[in-house]
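Every read-out reported here was derived from the displayed coordinates using simple, explicitly stated rules and does not represent laboratory data. This structure is a prediction, so every number in the text was calculated from the model and none was measured. Methodologically, a virtual Cβ is constructed for each residue, glycine included, from the backbone with ideal geometry; neighbour enumeration extends over all protein chains shown.
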Protein chains: 2
Amino acid sequence: MSVSTWPTTLYSNRSQYLAEFVDLLKIPSISTAEEHVGDVQSAARWVADRLTTAGVENVKILPTGVHSAVYGEWLHAPEKPTILIYGHFDVQPVDPLALWESGPFEPRVENGRIYARGATDMKGNLLVTIHAFEAILKSGGQFPVNVKFLFEGQEEIGSRDLGPLIESHREMFSCDLILTPDSLQWSEEQPVMWMGTKGLAGLQINLKTADMDLHSGLYGGIVPNANHALAELLGSLHDKQGNILVKGFYDDVVPLTESERERFGAVPFDKNSYCKPLGITSLVGEEGYTPYERVWARPTLEINGMWGGFCGEGVKTVIPAEAHAKITCRLVLNQNPMRVLDCIEQHLEAHCPIGASLEIVRHNATANAYQVPIDQPGALIVAQVLEDVYGATPYFVRIGGSLPITDMFLSQLGAYTIPVGFGLDDERAHSPNEFMRLDSYWRGHEVYCRLFEVLGETSISQLKGA
Amino acid sequence: MSVSTWPTTLYSNRSQYLAEFVDLLKIPSISTAEEHVGDVQSAARWVADRLTTAGVENVKILPTGVHSAVYGEWLHAPEKPTILIYGHFDVQPVDPLALWESGPFEPRVENGRIYARGATDMKGNLLVTIHAFEAILKSGGQFPVNVKFLFEGQEEIGSRDLGPLIESHREMFSCDLILTPDSLQWSEEQPVMWMGTKGLAGLQINLKTADMDLHSGLYGGIVPNANHALAELLGSLHDKQGNILVKGFYDDVVPLTESERERFGAVPFDKNSYCKPLGITSLVGEEGYTPYERVWARPTLEINGMWGGFCGEGVKTVIPAEAHAKITCRLVLNQNPMRVLDCIEQHLEAHCPIGASLEIVRHNATANAYQVPIDQPGALIVAQVLEDVYGATPYFVRIGGSLPITDMFLSQLGAYTIPVGFGLDDERAHSPNEFMRLDSYWRGHEVYCRLFEVLGETSISQLKGA
């Protein structure tokens, strides 16, 4: 194989790679918003075109119930492993818009960072994999492994249609290992292996106390107030420290092993340097667990949004008739999202305040938690590449977030997914002024080129540990 | 005195009185809307002209910071009491316009009702007092009391300039009793004496737990959530039944006397017929008090609005950094709004959850409660007139709402205000399709004629109970 010229290719194409990053960020591909359906489709077309230019074959836009996915392949390495690259080109909503220092879809490059919605999550990481493929392919010689690309447009709303898509294309997507660049580095100096993700389940609470908002001068003191009811109900979900009080919520959680606690404990945690950049004064959460254990291995329940009554400027002496809240839970291995929602519903019904009627609407998006065995061979190969590039041994940790696709891939395709991405956790994913460091973007190109190389030196049976 | 012909005058002038009602309703005197400033001024001029025609003297349009007020007087009853009639000629906005069955400023008379914005609140009630004055004056003989009229154009936006106006015209407005027709009957058959109003105080809570919203997958389980903190904090304000848990909140409340409780208890209350039209399943509120005692004579604390995090369509797995709530209290006699706000602030600070920082912004608008002593002679005279006209003993009740003007008149002019008006609470004040019953309009004319007569048979010292 003659792949040694890709470092030169990567370096000489940097201005083009940056221009393409800006181009893709300009597309407001917000998957949750009705009015952006066309933009998500535009992003799909942009990605499909770029794959084709890179030399990827059989590029297809695959329609689903909501937003299309994009597929492409290069399968000319017989006897070599097949690697599936998975990612997404949709992004989160941008509100509160007023907090953005420049337009969320007008990318701004400043001091080695690129600012825009989707910069770190994950349009930069997506481009890295296409560029790395192209750089090796066009540097001459045979590409070292078989590669399949699958990019979707509904990750930020829960990948509802991806399961059916995979089920109906199992042969097309079949592979030996999955790499997803939808991920983070530990720090600019420290690589990390993300060995598991959390599950997800959620619901919306609609409380009603009357048929109409009422005048507090005429009715105050005797009619129920939907805001009071909601505050009381939501207040029943946690104790002051943050322990979840929902009966049965923790029932199916598998206790942490000593070796897991040791690995997590090996990762340094400094409370002050953790809290300060976030503007946080105290940590909260479940008793008896370290902060990392809580984030990585314990289930959580968050009130993502709540509202009721008059929220405008000034004063309105109204007794609101309705109040609402949105809740999501992050779950761990062995917790069934539907069973957890059952527990929460039972809790809410049992604690529904006097005079309030309760409606619960479950979110469609659920996900199971997922875990890679600590000695999975593909994972160990990735860890070695990271150690070579960074010059540091990766931490072995988990992700508090959800990647529903990981569990789905494992059950449908029988392959583990290893996240290898280049975001950093201060880059404001899902928040105003999201950005990505350009140094990370360039490092990502190098890591994926090396990964393709090293995986090409491995047999299928080695990779799968079969 | 020869006043016995006014019933004939009232009856024979009905078509003129109705035509004038229609005329005044056609003026869109919306005080909150910039584009209606000229219309509020037109209404002022219309009222001033009508007072002059009626025989009122020294009629003046008094400029204020926003909309002018109208003053007039008739002071030729030496040794007799002076009665100030207070009201307003401005109206509420009309939106949502689509819900009106005919134009809000195109008065429609149908089935004994007149439909238009301002019909019941309070252009009809205002005209009643001018017509009554004129009917007696022009029926021959001496007018029985001294009368002053004060009609303002900014009641619906809070009467901001009325305090300074009264302060700078204390001599001109000086009087022995104030009657305001800006009020309601209990029912078509049942008269009522409104013997007090509540005070008002409020504040906004701004809670902050971090410098930015955070991803629940990356931070869930260890960082504080502003919504959790707000729910916990708001939940600390009431117990499940609705008792207010703020230390010191009830301290200055004067206990209800047995005779007050008896009077309130004399007013029939049927829970089912009260709850059903409001879509309410249970009454709530402070223990140990009847519903009417709670609405009329006990202070309340309502969360008028609250919001935090993601309140849009769909799902956003965010840990909100900020959450907000608006609170107002209805206060009773002897409660100082500023002292009550002090108590609430102390409570909020003492209960501020772990990891949250608290900012409190007090609302500018406050009002003291106001009460007419149960044996105030002017009130007893009014009650007797109502009993004579309706053939039923009036209920003695209070208003749960605030009428800042009543406390202002008492402190500036040393005179009590007795509300005597003819609206009914189903007449959609402030809502689309506002109307007034014409029967109530005609009854109003009779009540005010009788009031002028009877008050003329009273000495100043009798009236004031001095």
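Can you say what percent of the DSSP beta bridges in chain B, counting only those with both residues inside, are antiparallel? Round to 5.
Close to 70 percent.
How many nanometers, to one decimal and shortest first, lie between the label point of A:VAL389 and those of its other copies, if labels sit 7 Å from Cα toward Cβ?
Going from nearest to farthest copy, the values are 8.8 nm.
If each label sits 7 angstrom from Cα along the C-beta direction, how far apart, in nm, is B:HIS430 from its counterparts in the other copies?
Its label point is 3.9 nm from the equivalent points in the other copies.
Find every distance from the label point of B:ASP95 to the corresponding label point in the other copies (7 Å from Cα along Cα→Cβ) and write them in nm, one decimal, shortest first.
1.8
Which GluC sites (Glu not before Pro) in the range A:65-159 pass both tests, a DSSP loop state and at most 10 other beta-carbon atoms within 10 Å?
Those that pass, being in a loop and sparsely packed, are A:GLU79, A:GLU101.
Please give the charge dipole size of the range B:349-431, origin at the Cα centre, charges +1 on K and R Cβ atoms and -1 on D and E Cβ atoms. Round to the nearest 20 debye.
In total the dipole reaches around 180 debye.
Can you give me the C-alpha center-to-center distance between the range B:1-75 and the range A:72-142, rounded to a whole angstrom?
The range B:1-75 and the range A:72-142 have Cα centres separated by 72 Å.
What do you get for trypsin sites (Lys or Arg not before Pro) in the range A:204-306 restricted to DSSP loop and a cutoff of at most 13 other Cβ within 10 Å of the site's Cβ?
Taking the range A:204-306 and a limit of 13 other Cβ atoms within 10 Å, the loop trypsin sites (Lys or Arg not before Pro) found are A:LYS240, A:LYS247.
For the Cα atoms of chain A, what angle does the longest principal axis make with the long axis of helix A:14-25, in degrees from 0 to 90, nearest 10?
30 degrees
What nm value, rounded to one decimal, do you get for the distance between A:ASN13 and A:SER168 when each label is placed 7 Å out toward the C-beta?
Taking the two extended label points, one gets 3.3 nm.
The range B:274-323: which GluC sites (Glu not before Pro) are DSSP loop and have at most 13 other beta-carbon atoms within 10 angstrom?
B:GLU287, B:GLU313
Hey, how many Å between the Cα centroid of the range A:197-245 and the Cα centroid of the range A:259-337?
18 Å
Under a crude label model (7 Å from the Cα following the beta-carbon direction), how far is A:GLN462 from A:ILE360 in nanometres?
About 5.2 nm separates the two model spin labels.
Of B:LYS80/B:LYS464; B:LYS80/B:LYS123; A:LYS60/A:LYS123, which pairs sit farther than 22 Å apart, going by alpha carbon to alpha carbon?
B:LYS80/B:LYS123
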